[in-house]
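Data block below; observations after.
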Amino acid sequence: MSDVHPALDLDETVHQRVRLGILVILSETSECAFGALRDELQLTDGNLSRHLQVLESAGLLEVRKGYEGKRPITWLRLTAEGKTALHKELDALQRLVSRVRKD
C-alpha cells in the first residue's frame with residue numbers, strides 16, 4: 001500500500017466531472033466535433049467552452065477550427081499529455097474504489 005492516500009493523487013484539472021467526461025469522450029475517438037461533445041454532455045456552448053479552455057491551457061487537448069462545407073466547425077483532440085492525465089486519474093479512482101470495496 002502506498003504512503004499517499006489515493007485521493008491525493010486526483011488531479012484538480014481532470015477530476016472535475018465535466019472535464020473528466022470530456023477527456024473520456026475524446027479518448028474514445030481520434031477527434032470530436034464541439035457540437036457532438038456539447039450534446040453528449042448536455043452542456044451549453046459557454047459552459048463547454050470554459051471547460052475546454054481549462055483543458056487546452058493545461059495541454060490536455062488540442063482545438064482545431066475548420067469548415068464543413070461553408071459551416072464553421074471546431075474539432076477537439078486529446079493530446080498525449082491528456083491521455084496520460086486521464087489514465088493517471090482513472091488509476092487513482094481505481095485505487096480509491098479498491099480501498100472501499102476490499103473484503
Selection within the range 18-48 - in a helix (DSSP H, G or I), out of contact with any Lys or Arg (no Cβ under 7 Å at 6 or more places or on another chain) and more than 17 Å from residue 88 (Cβ to Cβ): 18, 25, 34, 35, 36, 37, 38, 39, 40, 41, 46, 47
Residue 54 vs. criteria among the β-branched types (Val, Ile, Thr), under 15 Å from residue 91 (Cα atoms), surrounded by 15 or more Cβ atoms within 10 Å (Cβ to Cβ) and touching a residue at least 12 places away in the same chain (Cβ under 8 Å): no
message: Looking at the range 57-68, can you tell me whether even one residue there is in contact with a His (Cβ under 7 Å, 6 or more places away or on another chain) and either surrounded by 15 or more Cβ atoms within 10 Å (Cβ to Cβ) or within 18 Å of residue 20 (Cβ to Cβ) (or both)?
response: no
- prompt: Does the range 3-17 hold any residues that are without any contact (Cβ under 8 Å) to a residue 24 or more places away in the chain and either outside any helix (DSSP H, G or I) or more than 14 Å from residue 92 (Cβ to Cβ) (or both), and which are they?
  reply: 3, 4, 5, 17
The lone exception for residue 95 - which of (1) at pLDDT 95 or above; (2) in contact with a helix residue (DSSP H, G or I) (Cβ under 7 Å, 6 or more places away or on another chain); (3) closer than 17 Å to residue 9 by Cα it fails: (1)
- prompt: Does the range 75-89 hold any residues that are in a helix (DSSP H, G or I) and either within 16 Å of residue 8 (Cβ to Cβ) or touching a residue at least 12 places away in the same chain (Cβ under 8 Å) (or both), and which are they?
  reply: 81, 82, 83, 85, 86, 88, 89
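The values are calculated or read from the model by the stated rules, or taken from the named source; none is laboratory data. As the structure is a prediction and not an experimental result, all values here were calculated from the model. For neighbour counting, all protein chains shown are included, and Cβ atoms are generated from backbone atoms with ideal geometry for every residue, glycine included.
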